[in-house]
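Below is one structure; the comments refer to it alone.
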Amino acid sequence: MQPLMNRLSKLSPYLEALPLSAVFLAFFAVPIVLVVVVSFFDYETYQLLIPAFTLENYREVFSEPVTYQTYLITIEFCALTWAITAMLGFLIAYFLAFQVRSKTTQMVLLLACSIPFWTSIVIRMIAWIPLLGRNGLVNRLLIEIGLVNAPQEWLLYSGFAVVLGYVHLYTLTMIVPIFNSMVRIDRSLIEAAVDAGAGTWQVITTVILPLSKTGIAIGSIFVIAMVMGDFVTVDVLGGGQVASVGKQIATQLSYLQFPPAAANAMVLLVAVIVMIALLMRAVDIRKEL
Amino acid sequence: MSRPPIFWALALLLGLFVVFLYGPIATIVVLSFQGPEGGLVFPMNGVSLHWFAQLFQPQSVGDIWGSFDRSLGLGLVVMVCTVLFSFLAGLAFRRRFKGSTTLLYLAVASLVMPSVVVSLGIGALFEMLGVERAWYSSALGAHLTWTLPFGLLIMFAVFNRFNPAYEEAARDQGASGWQTVRHVVVPLILPSLVGVALFGFTLSYDEIARTSQSVGALNTLPLELEAMQTNATTPVIYALGTMTTALSLVVIGTSLIAVLLVRRRRARYGSDAGQAV
């Protein structure tokens, strides 16, 4: 009886991890491998997947000038969104972690920032339309105060609207990890800096900023991954005017062109991995996990 | 001690950020109460519940209630699976086992993988197997790749702080493995399990990117909304937005109240062990 029990207890972590492993295997690992495989497949109008080994899909991706344009736009969106969310995220996290003194106030404010994260992304995007549209609130206000004399068209269905949407959706993904890094900073380090004569600004740049690098890196990974692959925000707030890599892939998929979409997705994936790898080189994230 | 100027500057920034965060949603909530003659933008043309009533009329475009039912059903299934699978995996990760590092990397990769790639892969998988895509199969899997990493990471945080002495005490008193889990571990980490359930349900209920290519012919509510907004001509879409946001808020509120109640109960009935000087 005892040896059997021993064997069972050795087995138990495997049994416990089984459902999770099965899900990731069937719905994540296998599909990603399939994307790689399918990117070399052939296709026709009536047959979506023809097993083959052709580089045609990749040749197509790299020979279309439109590819370079969409990548340029996507990277531009990504850089802008990253700069704005990192700045906002750092300042807000700093305020919550170091300027707000009561723990309760800290938690209430953090919760206030987090609640929209649990509500619908689509609604949060659609909600900009009555504000930014041709007859929207912002245009009315601008005309009312005489800043402009005709409705501004660039407010909606434009790159501006898309980046605004990203900042609206993803600033929280910066705030939380940066806040998390900041609350772990030993307060005596700051006292030491102040005793050594550092002003508030010097404390921020020489003590707090270097020590919250990990949080900034984790937040950045999320923002990069979400913006680089996004097609929903581009669709809703960019209208037909804006094309990103994700949107291009989604369009190909809507025509059921799996192989070219897969090749495109592979290029996107490599781009994202390179960006994340560069980040990881700058900051050792594993230290914090 | 008075506050430094930087405090007020940053407080103002946070205030503006909160307005920026809630302002747009507030706008569509207000607009959803437009009068029957009112349009998609301000000014308000009277105040009424007309557009909420319209939600229950047959629609010329879109299948609101069908997609709502699917989203709700999917959200509940995803919630149960997320809580159960993450909890079990959390238990597993407390011990060393072969492949644990790979599994962790898989989970993290699944979290940061661009959704369009996951969605495409699952679509291709079902296409190759010749299985029709549906919300209860392919979309369920797609949602779990998104909610399980959150659940697992929360469980890590929980078990890192968990004191194994409680389990040892239970075992010393003759509790079986199952009894220890059921009567000691689960009650202790209940607030975190409620948190995982909240993540599981709301992330699934609002998910759109991973769903889009994996759901098949019948849409979930977020996809239906995205399709509807392209040719929306009446504030019905705002009424729907208000309704689904309200549902999200009810779920968030219920979870928070549940966590607070458990805490209060503990403060009242908890033991005083370790409190003595």
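Per-residue Cβ neighbour counts within 10 Å put A:Met228, A:Met87 in the sequence A:Met87, A:Met228, beginning with the fewest. Going from the fewest other Cβ atoms within 10 Å to the most, the residues A:Lys103, A:Lys247 appear in the order A:Lys103, A:Lys247.
Inter-chain neighbour count for A:167-177: the average number of beta-carbon atoms from partner chains within 10 Å of each residue's beta-carbon is 1. Averaged over the residues of peptide B:80-93, the number of Cβ atoms from other protein chains lying within 10 Å of each residue's Cβ is 4. Helix B:186-205 versus the longest principal axis of chain B: what angle, 0 to 90°, nearest 10, using Cα atoms? Taking Cα atoms only, the helix is inclined about 20 degrees.
Positive contributions from Lys and Arg (+1) and negative ones from Asp and Glu (-1), summed over other residues with Cβ under 14 Å from the Cβ of B:Gln179, come out at -1.
Summing charges over neighbours of A:Leu11, with a neighbour being any other residue whose Cβ is under 14 Å away from its Cβ, gives +4 when K and R count +1 and D and E count -1.
Overall, the protein assembly as shown carries a charge dipole of about 2080 debye about its Cα centre when +1 sits on the Cβ of Lys and Arg and -1 on the Cβ of Asp and Glu, all other atoms neutral. Highest mean packing first, where packing is the average number of other Cβ atoms within 10 Å per residue, the peptides A:233-241, B:128-136 line up as A:233-241, B:128-136.
Counting charges near B:Leu103 (Lys, Arg +1; Asp, Glu -1) among other residues having Cβ under 14 Å from its Cβ returns a value of +3. Could you tell me which of rounded, prolate or oblate describes the protein assembly as shown, using a ≥ b ≥ c as the square roots of the eigenvalues of the alpha-carbon gyration tensor, with rounded for a/c under 1.5 and, failing that, prolate when a/b is larger than b/c and oblate otherwise? Rounded shape, in that the Cα axes give a/c under 1.5.
Highest mean packing comes first when the peptides B:199-210, B:248-259 are listed by Cβ atoms within 10 Å, giving B:199-210, B:248-259. Projected over all directions and averaged, the alpha-carbon convex hull of chain A occupies 24.8 nm². Partner shielding of B:205-217 amounts to 4, given as the average count of beta-carbon atoms from other chains within 10 Å of each residue beta-carbon. Span-like helix criteria (full DSSP H runs; alpha carbon extent of at least 30 Å along the helix axis; mean Kyte-Doolittle hydropathy of at least -1.0) are satisfied in chain A by A:2-24, A:65-94, A:159-183, A:258-282. Taking a straight Cα-Cα cut-off under 13 Å and skipping sequence neighbours fewer than 8 places away in the same chain, the aspartates and glutamates within cross-link reach of A:Lys213 are A:Asp284, A:Glu288.
This model, with +1 at the C-beta of Lys and Arg and -1 at the C-beta of Asp and Glu, gives chain B a dipole about its Cα centre of some 1220 debye. Listed by chain and number, the aspartates and glutamates whose C-alpha is less than 16 Å from the C-alpha of B:Lys98, apart from same-chain residues fewer than 8 away, are A:Glu16.
The alpha carbon gyration tensor of region B:134-271 gives principal lengths a ≥ b ≥ c with a/c of 1.5 or higher and a/b greater than b/c, which makes the shape prolate. Ranking of B:His50, B:His183 by neighbouring Cβ atoms within 10 Å, starting from the fewest: B:His183, B:His50.
Only DSSP H runs of four or more residues enter the estimate; each adds -39500 (n - 2.57), and after division by the residues of the protein assembly as shown the mean residue ellipticity at 222 nm equals -22500 deg cm²/dmol.
None of the figures in this text is laboratory data; all of them are computed from the coordinates on show. Quick caveat, the model's predicted, so the values are computed rather than measured. As a convention, Cβ positions derive from the backbone with ideal geometry for all residues, glycine included, and neighbour counts pool all protein chains shown.
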